[in-house]
Amino acid sequence: MSTVRHTIHDLICPIVIGVNPNERQARQETRTTITIETNDLEHSALAGRIVVKHIFESIYHSEYLTLEALASYIAKYVLSVVSNGTAPAKVSVSTSKPHALSKAASAEVVIHREASDYQEQEPEGVPNRVDSLPSVIPAATVGSTHAAVLAIGTNLGDRFHNIEYAVRLLEIPGEVLHEVHPHEEDASSMTLKVIDTSFLYETEPMYVTDQPKFINGACVVKTNLSPLTLLRLVKAIETIVGRIPSIRNGPRAVDLDIIFYDTLIYDTRPTRKRQSLDDLEGQLLIPHPRIAERLFVLRPLNDMIPEFVHPALKKSVRTLLQQLDDQPDADKMRKAIPFPLLPLSSQDTSPYPSIPPVPRTASYWTFTSSPPMPPKDFRTQIMATLNTTPDSFSDGSTHNTLSTGLEYVRNAVSAGASIVDIGGYSTRPGAKFVSVEEEIDRVVPYVKAIRTGEAHKDVLISVDTFRPQVAEAAVVAGANCINDVYAFTGKDSFEQGHDEEAKAQADSTMQEMKRIARQYATPVVLMHSRGDAGSHKDYSAYNYAGTQNAVIEGIRNELGAKVSKIVRGEGAVRRWSIIIDPGVGFSKTVEENLQILRNADRVTADQLIGKEETKQHNPLAKFPQLIGVSRKSFLGTILAQDEGGRETAPKERDWATAAAVSCAIQQGAIAVRVHNVEGLRDVVKVADALWRTQ
């Protein structure tokens, strides 16, 4: 079969192209060579002069970020011109930027395309480029569902309150738009649900640097709103939360940007105004045109949708992030975990009946955004352990009166504890059953006494419970955090098997715990466990990862599955509120506990896990870790081994605890849970000096 080949060689065109801001200040020369092959002899004639003229005019006014996107557009345009016959055409496009690389003649991209390569990418007639798109599209019909990704930023006022308030307002679009536009049609039929959130990041300001630090994040929403209606919604929310118009890229109470909307490419600007990105006020460009240069946008996106491919740049979010992660400012970003100021005061009200009041912020923790080694200015948080039970394995009956409990809190906080964990139900094997009412009576009086006392009344409080009723009672009384050893599934969830009633109970527990955490904006510590702490120590199902790695793989799979259910979907807990605990001492052998301590950083490593045929990205990737090893029985077992070993009571294991705590800090834990704060304070300080200064 005969083949006709046309070649357009070295089409020279000066254009604005590049990811970095300095590349977009002036036009750069590009050179393009196009080769077209077709077997359709009848329609093989090519109006070369016209094709060259159209390509030149189109790309001259474009502002692509990458050569790949430019080459893809050229290939698609050429195919649309020559594919009018019966035989398919093939096109090769070579596009280069001379002198873009030092010591090299040029940077060049070569692609090979057929018409079929573009059929599934976008609606017919919508070119894959940022600068040439229809200015209007039909509004979404009621009932049709779209996925959109929004970026959120703030650097004024109570930043965490502003973000939480904005996210809650997103879910009542009809009420918000009706308030701003009382005659809004179909407001009652508008729906929007937040189905995923990123971590939060404290970032240095970009562009205009003389302003406070930002808190940045992102969320994925499911909605029936059209892009333009969604734009009106986010602008209305900015006004409600308190954004005051200021200089471009200046301070704001909250800023909401539409980053993606399905795989749509969309630009509302008139064609004559598409030559630059200088004036976007009141316009909508999807995808957001500055994604590729903004680390503070890409990192939150990578938390949720790392494999999503940018519709115009044809690169995944993960790839775009990797291109920026080696920049000098990359390590200045810190993840942040906000703790709410509770109990709610009379000033904490909501003008919208559909959403509960948003607590103000008590304080927040920051830690590295690129594990495993935290930055040198990071301090490991110490969680003090207050057991109000008469049968705790470590200190039962020691602090189960208000006076002794409050004395422990005063001493612990003075010694350096930043949070106090209060528990009223022992998790040791064989512990006596405690009713919900009794557990509440054991915990809540301590919370109230701390909050109404004179000394350390502002210390953060965590409630150690797996029961929703106890968690809510403690939070209403003033606790700022929930610490759940069963990760929202209840104590019997691991043994439920095919028991439908048990599964329903576990699901009900999870939904209630999620509601409480969302309503009060509380961080939650989710621990890996398998029911009774002394049972279920067989991890052979994960031996495919290697016998030395089986327990780590088990934690990543089992706790990861729970965390995924908690942070994704309607009614999910914010990802930025999650701290994970690998569960040292719970359903693990002595050697498995040591494996966790030696390799805790791998629990949250960003890598593939699972068997070869079902590999997935680690669902625990990049989550912060709290590790609790204080006085645990496996330490006693080690101390009793070999000649000269000795039996120890829990209170005699503080030196052993010190070694394990130092290891946990070396592995990147952001917090450690201990009983003897005064004794372990120096250990934490020295371990920080050893392991946090690289």
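The values are calculated or read from the model by the stated rules, or taken from the named source; none is laboratory data. Remember, it's a predicted structure, so these values are computed and weren't measured experimentally. Positions of Cβ are backbone-derived with ideal geometry, glycine not excepted, and every protein chain shown enters the neighbour counts.
Output the residues belonging to the range 514-531 that are under 11 Å from Gly571 (Cβ atoms) and touching a strand residue (DSSP E or B) at 6+ places or on another chain (Cβ under 8 Å).
Ala517
Given the conditions (1) over 22 Å from Ala517 (Cβ atoms); (2) at pLDDT 95 or above, report the number of the one that Glu643 does not fulfil.
Condition not satisfied by Glu643: (2).
A quick yes/no check of all residues on (1) among the small types (Gly, Ala, Ser); (2) assigned by TED's automatic domain parsing to the domain that holds Ile111; (3) part of a loop (DSSP other than H, G, I, E, B):
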{"residue": "Ala253", "(1), (2), (3)": "yes, no, yes"}
{"residue": "Asp279", "(1), (2), (3)": "no, no, yes"}
{"residue": "Pro289", "(1), (2), (3)": "no, no, yes"}
{"residue": "Arg299", "(1), (2), (3)": "no, no, no"}
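If we scan the range 300-310, do we find a residue that is surrounded by 17 or more Cβ atoms within 10 Å (Cβ to Cβ), within 18 Å of Asp158 (Cβ to Cβ), in contact with a helix residue (DSSP H, G or I) (Cβ under 9 Å, 6 or more places away or on another chain) and among the aliphatic types (A, V, I, L, M)?
Within the range 300-310, none of the residues are surrounded by 17 or more Cβ atoms within 10 Å (Cβ to Cβ), within 18 Å of Asp158 (Cβ to Cβ), in contact with a helix residue (DSSP H, G or I) (Cβ under 9 Å, 6 or more places away or on another chain) and among the aliphatic types (A, V, I, L, M).
Quickly run through the range 152-190 and pick out the residues that are among the polar types (S, T, N, Q) and part of a helix (DSSP H, G or I).
Of everything in the range 152-190, those that are among the polar types (S, T, N, Q) and part of a helix (DSSP H, G or I) turn out to be Asn162, Ser188, Ser189.
For every residue, the table says whether it meets (1) buried (at least 21 other Cβ atoms within 10 Å of the Cβ); (2) in a strand (DSSP E or B); (3) of a type outside the set (A, V, I, L, M).
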site: Val584; (1), (2), (3): yes, no, no
site: Asn593; (1), (2), (3): yes, no, yes
site: Asp601; (1), (2), (3): no, no, yes
site: Glu613; (1), (2), (3): no, no, yes
site: Phe623; (1), (2), (3): yes, no, yes
site: Leu626; (1), (2), (3): yes, yes, no
site: Thr637; (1), (2), (3): no, no, yes
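Rundown of residues vs (1) at pLDDT below 75; (2) touching a helix residue (DSSP H, G or I) at 6+ places or on another chain (Cβ under 8 Å), yes/no style:
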position: Ser135; (1), (2): yes, no
position: Val142; (1), (2): yes, yes
position: Leu150; (1), (2): no, yes
position: Thr154; (1), (2): no, yes
position: Gly157; (1), (2): no, no
position: His161; (1), (2): no, no
position: Gly174; (1), (2): no, yes
position: Leu192; (1), (2): no, yes
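Given the structure, is Ala502 touching a Gly at 6+ places or on another chain (Cβ under 7 Å), at pLDDT below 95 and surrounded by 15 or more Cβ atoms within 10 Å (Cβ to Cβ)?
So Ala502 fails the test.
Can you find, within the range 663-694, the residue that is surrounded by the most Cβ atoms within 10 Å (Cβ to Cβ) among those that are of a type in the set (Gly, Ala, Ser) and in contact with a helix residue (DSSP H, G or I) (Cβ under 8 Å, 6 or more places away or on another chain)?
So, considering only residues that are of a type in the set (Gly, Ala, Ser) and in contact with a helix residue (DSSP H, G or I) (Cβ under 8 Å, 6 or more places away or on another chain), the one surrounded by the most Cβ atoms within 10 Å (Cβ to Cβ) is Ala669.
Report yes if Thr404 is part of a helix (DSSP H, G or I), at pLDDT below 95 and β-branched (Val, Ile, Thr), otherwise no.
Judged against the criteria, Thr404 is a match.
Looking at (1) farther than 28 Å from Lys537 by Cβ; (2) under 27 Å from the mean Cα position of the chain (by Cα); (3) not in a loop (DSSP other than H, G, I, E, B), which one does Asn483 not meet, given that it meets all the others?
Condition not satisfied by Asn483: (1).
Looking at (1) loosely packed, with under 15 Cβ neighbours inside 10 Å; (2) at pLDDT below 80; (3) not aromatic (Phe, Trp, Tyr), can you tell me which one Arg5 breaks?
(2)
Out of Ile34, Ile74, Ile50, I need the residue that is under 14 Å from Leu11 (Cα atoms) and modelled with pLDDT under 75. Which one?
Unique residue meeting the criteria: Ile50.
If you scan the range 305-328, which residues turn out to be in a loop (DSSP other than H, G, I, E, B) and either touching a strand residue (DSSP E or B) at 6+ places or on another chain (Cβ under 6 Å) or not small (Gly, Ala, Ser) (or both)?
Ile305, Pro306, Glu307, Phe308, His310, Pro311, Leu313, Lys314, Lys315, Asp325, Asp326, Gln327
Between residues in the range 335-352 that are over 13 Å from Leu460 (Cα atoms) and residues that are among the β-branched types (Val, Ile, Thr) and assigned to a strand (DSSP E or B), which pairs lie under 9 Å by C-beta distance while being six or more apart or on different chains?
Lys335/Thr366; Lys335/Thr368; Ala336/Ile215; Ala336/Thr366
Can you tell me which of Thr522, Thr489 is over 25 Å from Asn557 (Cβ atoms) and in contact (Cβ under 8 Å) with a residue 60 or more places away in the chain?
Among Thr522, Thr489, only Thr522 is over 25 Å from Asn557 (Cβ atoms) and in contact (Cβ under 8 Å) with a residue 60 or more places away in the chain.
Please pick out the residue among Thr239, Thr209 that is modelled with pLDDT under 95 and in a helix (DSSP H, G or I).
Unique residue meeting the criteria: Thr239.
Of everything in the range 423-440 that's within 35 Å of the chain's Cα centre (by Cα) and more than 22 Å from Gly628 (Cβ to Cβ), which residue is surrounded by the fewest Cβ atoms within 10 Å (Cβ to Cβ)?
Val436
State all residues of the range 672-683 that are touching a Gly at 6+ places or on another chain (Cβ under 9 Å), more than 10 Å from Gly416 (Cα to Cα) and among the hydrophobic types (A, V, I, L, M, F, W, C); if no residue qualifies, say none.
Val672, Val674
Can you confirm whether Ser535 is touching a residue at least 60 places away in the same chain (Cβ under 8 Å), over 30 Å from Asp158 (Cβ atoms) and surrounded by fewer than 19 Cβ atoms within 10 Å (Cβ to Cβ)?
Judged against the criteria, Ser535 is a match.
Would you mind stating whether Thr366 is surrounded by 17 or more Cβ atoms within 10 Å (Cβ to Cβ), at pLDDT 90 or above, outside the structural domain of Ser72 (by TED's automatic domain parsing) and not small (Gly, Ala, Ser)?
yes
Of all residues in the range 271-306, which are modelled with pLDDT under 90 and acidic (Asp, Glu)?
Once the filter is applied, which keeps residues that are modelled with pLDDT under 90 and acidic (Asp, Glu), the range 271-306 yields Asp278, Asp279, Glu281, Glu293.
From the list Val420, Val443, Val475, exactly one residue is buried (at least 23 other Cβ atoms within 10 Å of the Cβ), outside any strand (DSSP E or B) and in contact with a strand residue (DSSP E or B) (Cβ under 6 Å, 6 or more places away or on another chain). Which is it?
That would be Val443, the only listed residue that is buried (at least 23 other Cβ atoms within 10 Å of the Cβ), outside any strand (DSSP E or B) and in contact with a strand residue (DSSP E or B) (Cβ under 6 Å, 6 or more places away or on another chain).
Working only within the range 457-468, note down all residues that are assigned to a loop (DSSP other than H, G, I, E, B) and surrounded by 16 or more Cβ atoms within 10 Å (Cβ to Cβ).
Val459, Thr465, Phe466, Arg467
Have a look at Gly531, Gly554, Gly560, Gly569 and point out the one that is modelled with pLDDT of 95 or more and assigned to a loop (DSSP other than H, G, I, E, B).
Testing whether each residue is modelled with pLDDT of 95 or more and assigned to a loop (DSSP other than H, G, I, E, B) leaves just Gly569.
Does the range 345-362 contain at least one residue that is crowded, with 19+ Cβ neighbours inside 10 Å, in a helix (DSSP H, G or I) and of a type in the set (A, V, I, L, M, F, W, C)?
No, that holds for no residue.
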